[in-house]
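The values are calculated or read from the model by the stated rules, or taken from the named source; none is laboratory data. Keep in mind it's a predicted model, so treat the numbers as computed, not measured. Ideal geometry is used to build each Cβ from the backbone, glycine not excepted, and the neighbour counts take in all protein chains shown.
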Amino acid sequence: MLTRRQFSKLIMGSGILYSGNMGRVSATLVSPAQSVSPDCDLLIKGGTVFDPGQNQHTALDVAVKNGKILEVSPDIPVARARSVISAKGKIVTPGLIDAHVHVFEGMGPIPVNADLYCLERGVTTAVDTGSTGYAGIAAFKKYVIRPSATRIYALLDINGFGVMMGLAGEYGNLDWVNPQSTVRAAEENKPDVVGIKCRLSKETTGPNDLEVLKRALEAAEATHLPLMVHIGDSYSPLREIISRMRKGDVLTHCFNGRPNGILDANRKLLPEVLQARQQGVFFNLGHGSNSFDFDVAEECIQQNFLPDTISSDLATTSINGPTFDLITTVSKFLPLGLNLDQVIERVTVKPTRVFNFGVELGSLRPGTDADISIIEVREGTFVFADTDGKKRMGRQKLQSAATIRGGRLYVNRSEDLVNR
């Protein structure tokens, strides 16, 4: 496996995109362009642009200059570019945004390397949701956010240590659940911190879940940030939790199959869930190792209740299945009836409506940072699994072919992805 330092060398520089063996996925992507007076650094040629935020779904070329989107137009001449990528037969999207990951690598047993498991697989922006709280955010910034090529933001867990220690029952000690320290850490670390997080599973909180939620809401209110609430077998019924959430807050693991979920005993959406959506609460998938149930997803989709954002909840417990990565998670919604525009929207523009990233993301609008994903839509017969082992068959699977982050090209070298 490549280290972050090794992977960071797979970038475009001085007109040379990559000089080694790029593997089956990307071998046909890169070709040199001859030009005497180019006006752009990189040209993505011949792909179909999917940019839901701008209602674009058509054959267009994308030109990049100085790390920014220069132009999105049909038939841009190759002579204008120093380097050209052929995206023929592929789709070109704004860089994917994974709104729920754990990437505080090296701190505890759960987090993974963002560059290897996000950037190399199509994700240009990742939101770490509570891998640390006030106790570790400075270290997270110094040792992960700043050195990573992936654009990373953080939600602070209301517990000062977050999930980085991998302990159960950590909310049992309410001395660690300190809204004042969380507020101070969030304010000192904006704009890297874009929200607050609390985890309301019974094994985490015991009977303290509503008190934990109260303190997390206090911190979110004081910092003017959204609160992400993790559900899954909570001590209190969901209706008591979600009725306390505010406009702009996020309920994650919305399609989990554990007790106290969003469906009632008759498999209908709880009235409080529908009311929360109407009042502006966002619903995030958060697949993970135990938080995605195909049956729950199908019931909700049949009731016209789709997730606002699709995310992986990527961690060491799920990178080898059943989650694998965001692009595989997104693919699981195709056999459930969502189309390409719908799934791409939930990993590009929609996360930008949940979190204030401080820069314009999720768009290929000229002038924005050149964060771009090139995706192959593979046709065939594919078997997808949820976190309970239930399976669904699909006719399409999305595969990351290459990623551009801030104008630099990263090639997917993960041979294990080709036949998965």
When restricted to GLY206, GLY195, the only residue more than 23 Å from PHE357 (Cβ to Cβ) and either surrounded by fewer than 22 Cβ atoms within 10 Å (Cβ to Cβ) or under 24 Å from the mean Cα position of the chain (by Cα) (or both) is GLY206
Okay, strands (runs of 3 or more DSSP E) sitting entirely in the stretch 12-123 with 2 or more residues that are at pLDDT below 95, I get 30-32
Which residues, taken from the stretch 262-295, are crowded, with 21+ Cβ neighbours inside 10 Å and farther than 25 Å from LEU314 by Cα? VAL273, ALA276
Restricting the stretch 124-151 to residues that are touching a residue at least 60 places away in the same chain (Cβ under 8 Å), touching a strand residue (DSSP E or B) at 6+ places or on another chain (Cβ under 9 Å) and not in a strand (DSSP E or B), the residue that is nearest to GLY108 (Cα to Cα): SER148
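Yes/no matrix, rows are residues, columns are (1) touching a residue at least 60 places away in the same chain (Cβ under 8 Å); (2) among the aliphatic types (A, V, I, L, M):
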{"residue": "VAL194", "(1), (2)": "yes, yes"}
{"residue": "ALA216", "(1), (2)": "no, yes"}
{"residue": "MET228", "(1), (2)": "yes, yes"}
{"residue": "ASP233", "(1), (2)": "no, no"}
{"residue": "SER243", "(1), (2)": "no, no"}
Failed item, numbered, when LYS391 is tested on (1) of a type in the set (Lys, Arg); (2) over 26 Å from THR129 (Cβ atoms); (3) in contact with a Leu (Cβ under 9 Å, 6 or more places away or on another chain): (3)
Yes/no for LEU217 being buried (at least 20 other Cβ atoms within 10 Å of the Cβ), within 19 Å of SER312 (Cα to Cα) and modelled with pLDDT of 95 or more: no
From (1) among the acidic types (Asp, Glu); (2) without any contact (Cβ under 8 Å) to a residue 24 or more places away in the chain; (3) surrounded by 24 or more Cβ atoms within 10 Å (Cβ to Cβ), pick out the condition that doesn't hold for ASP98. (2)
So which of PHE292, PHE283 is modelled with pLDDT of 95 or more, out of contact with any strand residue (DSSP E or B) (no Cβ under 8 Å at 6 or more places or on another chain) and of a type in the set (Phe, Trp, Tyr)? PHE292
Tell me whether the stretch 241-256 contains one or more residues that are of a type outside the set (Lys, Arg), in contact with a Cys (Cβ under 6 Å, 6 or more places away or on another chain) and not assigned by TED's automatic domain parsing to the domain that holds ARG395. no
